[in-house]
Amino acid sequence: MSIYKRQVEWAKSHYGIESWGKGFFSIDADGDVCVHPSADASVSIKLQDIIKECEPKGIVSPLILRFPQVLDTQLKRFHEEFRSAIWKNSYSGEHFGVFPFKVNQRREFIDAISYSGFDYRYGLEVGSKTEFMAALSYDLHPQALFICNGFKDKDFIELCFMAKKFGKNIIVVVEGPDELQNIVEISKRYDEMPGVGFRVRLYSRGAGKWAKSSGNTSKFGLSTNELLDCLKILSDNNCEESLQMLHFHNGSQITEIKKIKKAVKEAIRVYAKVYQRGFKPKFLNVGGGIGVDYDGSKTSFSSSANYSIQEFANDTIYTIGEVCKEEEVPMPNVVTESGRIIAAYHSVVLTDIREVQSPCEEPWMEENSQLCQEKDSPKALKELFYIYNHINEKNYIEYYHDSIAFQDELFTLFDLGYINLSHRALGEKLVFIIANRALECSLQERHQPEEFSLLQKEMVSKYLANFSIFQSIPDSWAIDQLFPILPLSRHHEKPSLKASIVDITCDSDGCLEQFIGRSSIKRSIDLHKPNGSPYFLGFFLVGAYQESLANEHNLFGAIHEAEVLVSEEGKWRFSKLTSGDPIDELLVCRNYDCEEMMKSYKKQLTSQGHHEEEIQATLDQCKKALVAYPYLKALH
Ligand SMILES: Cc1ncc(COP(=O)(O)O)c(C=O)c1O
């Protein structure tokens, strides 16, 4: 195997791309990262090639690439797994998928979901009036479900009645008896009831960061007593047949399959007991929550999941079928509201690296050694030089501590005016090298001493990435979510720097210091040294929740977007290009009036006594600045 090929193999395994990429992403023989939108390895596009084609069209870094075919493939995989589980288990109900709007409300995204999902009767799930109005505009399959979750006032309920006029199979999921009472009251005016679902509060809890969405203290769903009250309300008003669905959702990114099985078992038992009371709900909605294996470890770690879609579908269908047989009730149609697992893979954020700050880059020269040993060199410097020559795995802790003490001594001498700048610089350099060696030794230990894990954070190079973490991957800031990150090229070269990634916002939280690793979280990412050519990083699996939760910290808004389609022959094209938010739009969203601002600029310039021409030129410059992209412009 050539050295290049060996290095590419190393990179594939080091960055785990084959584990988390699920056939959508890979590194090719040239060391470039590629996308395979239909998970077909023979149809492949280099991400760098897309960036090159984007540039002349004004779609520059940072940008988000969207691959509707990835979405299509993932939706198909999901649907097929359920079909196959239904067939294998001789299950008599059907599967209906609905997509939860909140996971990615971008129009481009929902357009793609509704297009790809039509043949699978895919429906939509909404949790607010705004999402409702947007979802209503989609002409879904006649059998697709339209599910309204969340807390509802009378206006929202009225909208649900109105949606029936559009031929939508609406199911209003009730969160409490008062909500149901309102629905029943309003139905008297319309002379009909919409389909109703009850969200049940299960005793079983999910697993992972959203476990508190479930269990008997959850904010959502009906307790058993409330469920009985709601059943009574329906019976008292002779509308038992309007109960069409029982629903539960145990939180997002559930990391353990056993928690899912337990919840499904409890939910189908509730379903059976409700059925035995004379109600005939047709659907059991098992919610969302399937975890995405962001780090590729297939474990119950919070950025992973220890099961596949196939396992989820099989276990869900099998468990429901078994309990139904035992309870002698018909098998319900199974509704899923999975969002994350469908959406995560379809988009990638790309950004260029602007600057690399390394703690100490210059090599140690022979003349440095001579300077340290000169007769008039400070004693502390000579001691540091001794440590530099003698530090090893056995003495590194003690020698590291000594070096800190000598560094203090050297700086005190400097404050008192006893040493010169060259000696001070040499001292800094030696302390850095000693710390680096001590760090290397500490990494060989089974348990790295805590002070060295802190030191590790300080010793890495900082790569300044032209994007905002708060805008493009807000969950990494908010909940320490790990996303796969890697350079888009140069994988035939060994990366030589350990790095953290800092963004361009003026916020110390705009910084990534945790990365996916093969067996544990890593405190740094291995990146290549700058070589003068543009260097791009990709942030993968960002299609779920990141755009919905994005915030405009420092007024960095939505980034440019490019939607890419590829033909079976492997030819790709842009199906849509969308510019990111310009500065004026970001300001208008904060109630600024750009015309008034222009007037204010003019007034200030006039009062400074500038010439008319100069004022006009400056105002033109302001106008241009107002319509610009707020991110950093390319250097090349
Ligand atoms: C009611 C409901 N359904 C579905 C989902 C989607 O969950 P996920 O994206 O984890 O599949 C959510 C999100 O937490 C939700 O609250």
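The table below gives the values:
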read-out: Residue in the stretch 104-122 that is among the charged types (D, E, K, R) and farther than 20 Å from Lys76 by Cα present; value: yes
read-out: Tally, over the stretch 29-50, of residues that are within 21 Å of the chain's Cα centre (by Cα) and of a type outside the set (Gly, Ala, Ser); value: 6
read-out: From the options Ile479, Ile521, residue that is open to solvent by less than 50 Å² (accessible area, probe 1.4 Å), of a type in the set (A, V, I, L, M, F, W, C) and farther than 19 Å from Asp32 by Cα; value: Ile479
read-out: Residue identified as out of contact with any Cys (no Cβ under 7 Å at 6 or more places or on another chain), buried (at least 24 other Cβ atoms within 10 Å of the Cβ) and in the same structural domain as Leu227 (by TED's automatic domain parsing) among Ser297, Ser303; value: Ser303
read-out: Selected residue (criterion: most open to solvent (accessible area, probe 1.4 Å)) from residues of the stretch 114-152 that are hydrophobic (A, V, I, L, M, F, W, C) and within 13 Å of the ligand (Cβ to nearest atom); value: Phe151
read-out: Output for the stretch 142-179, where each listed residue is part of a loop (DSSP other than H, G, I, E, B) and among the basic types (Lys, Arg); value: Lys152, Lys168
read-out: Candidate set from the stretch 309-331 (those that are assigned to a loop (DSSP other than H, G, I, E, B) and open to solvent by 50 Å² or more (accessible area, probe 1.4 Å)); member that is nearest to Gln546 (Cα to Cα); value: Pro330
read-out: Verdict on Arg205 being in contact (Cβ under 8 Å) with a residue 40 or more places away in the chain, outside any strand (DSSP E or B) and basic (Lys, Arg); value: yes
read-out: Qualifying position, being of a type outside the set (Ser, Thr, Tyr), within 15 Å of the ligand (Cβ to nearest atom), assigned to a strand (DSSP E or B) and surrounded by 19 or more Cβ atoms within 10 Å (Cβ to Cβ), among Val348, Val334, Val292; value: Val334
read-out: Given (1) open to solvent by 10 Å² or more (accessible area, probe 1.4 Å); (2) part of a helix (DSSP H, G or I), number of the condition Leu410 does not satisfy; value: (1)
read-out: For Gly278: the one exception among (1) in a loop (DSSP other than H, G, I, E, B); (2) in contact (Cβ under 8 Å) with a residue 60 or more places away in the chain; value: (2)
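The values are calculated or read from the model by the stated rules, or taken from the named source; none is laboratory data. Keep in mind that this is a model prediction, so the values were computed, not measured. A quick note on method: Cβ atoms are made from the backbone with ideal geometry, for glycine too, and the neighbour counts reach across all protein chains shown. Accessible surface is based on the protein model in full, side chains and every heavy atom, while ligands, DNA and RNA are left aside. Shrake-Rupley method; radii C 1.70, N 1.55, O 1.52, S 1.80 Å.
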